[in-house]
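Student: If you scroll down you'll find the structure; I have some questions about it.
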Amino acid sequence: MMRFFVLHRLRNIMNDHSARFYRVELGRTTWEVPERYEGLQAIGSGAYGSVASAKDKESKQNVAIKKLARPFQTTIHAKRTYRELRLLRHMNHDNVIGLLDVFTPERDLKDFNEVYFVSFRSIG
């Protein structure tokens, strides 16, 4: 049930429902991202996911993309995913990263297992 709720919320805020995706291997993880993000390079990983840097071809910005690890494995994971989405979406502070985009390559609820968050990445 929580998976359906999060998918419904994602569909309401995702920027482009018709985006074309491509796959890339980073470390031991397969990433499936929209073609607008190019030059993916692994930055790091942790308990809740992996992060890669990329260039957004549309905005010409450097971005960080976070792939959440098993966001719907349990109800607790699903709630954590939803909470992070809600908090990042509504944050507006200089010391907190903002959410630029949210996407999933899946188009069907039964296949919905991946969520990616995109935020601005400053280089320097």
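The values are calculated or read from the model by the stated rules, or taken from the named source; none is laboratory data. Predicted model, so just to flag it, every value in this text is computed and none were measured. No Cβ is skipped: glycine too gets one built from the backbone with ideal geometry, and neighbour counts run over all protein chains shown. For the accessible areas, the whole protein counts, side chains as well, though only heavy atoms, and no ligand, DNA or RNA atoms are used. Shrake-Rupley method; radii C 1.70, N 1.55, O 1.52, S 1.80 Å.
Student: At 1.4 Å probe size, with the rest of the protein present, what percent of the exposed accessible area of the stretch 76-123 is carbon and sulfur atoms?
Tutor: 51 percent
Student: With a 1.4 Å probe and all protein chains kept in place, how do Phe103, Phe120 rank by accessible area, largest first?
Tutor: So the residues, ranked largest to smallest area, are Phe120, Phe103.
Student: Another question, if that's okay. So what J values fall out for the stretch 93-110 if you push phi through Karplus, 6.51 cos²θ - 1.76 cosθ + 1.60 with θ = phi - 60°, rounded to Hz, Gly and Pro as x?
Tutor: 8, 4, 9, 10, 5, x, 9, 8, 7, 9, 8, 9, x, 6, 10, 10, 4, 5
Student: In terms of solvent-accessible area of protein heavy atoms at a 1.4 angstrom probe, what is the ranking of Asp108, Asp56, highest value first?
Tutor: Asp108, Asp56
Student: Beyond 16 Å, what share of the Cα-Cα pairs of the stretch 70-124 is found? Please give it as a whole percent.
Tutor: I get 50 percent for the Cα pairs in the stretch 70-124 exceeding 16 Å.
Student: Suppose R0 equals 30 Å; then what is the FRET efficiency for Asp108 and Lys60 from their Cβ-Cβ distance, rounded to the nearest 0.05?
Tutor: My answer for the efficiency is 0.40.
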